Amino acid sequence: MRITGKAILATVFGALMSAQASAAWFDIDTVPPFKGNDTGGIIAYSLYKEGADVKAMALNHCASYGKSVKLTGVDAQYGGYISFSCVWVHPGHLNRPLRVGY
């Protein structure tokens with residue numbers, strides 16, 4: 001059978017549309033409220049506005065890596081973030097990392 005250019009174009013277009021519809025479950029505009037690694041991270045400013053203890057969240061995160069927390073910046077607007085870094089503290093120092101108990 002002979003396949004025409006229009007049939008190939010319709011098939012490719014249909015495949016692209018179905019792939020786009022199946023990817024609709026993943027919304028690119030959603031961002032995680034808390035994200036970090038061993039060097040630091042970010043916390044959504046909306047969590048602070050809702051009353052969450054962001055210092056305790058950051059402290060607990062950094063303590064899981066054996067480090068202490070240093071808050072580095074706040075973007076105090078809708079969609080903004082509170083950034084922090086996890087810093088190494090020498091053993092025996094008063095600011096040693098502790099896990100939050102509550």
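The values are calculated or read from the model by the stated rules, or taken from the named source; none is laboratory data. Keep in mind that what you see is a predicted model, and the values were worked out from it rather than measured. Surface areas here come from the heavy atoms of the whole protein model, side chains and all, with no ligands, DNA or RNA. Shrake-Rupley method; radii C 1.70, N 1.55, O 1.52, S 1.80 Å.
In nm², what is the average projected area of the convex hull enclosing the Cα atoms of the stretch 31-95?
4.3
So what is the accessible area of the stretch 31-95 per residue, in Å², with the probe set to 1.4 Å?
Here the per-residue accessible area is 63 Å².
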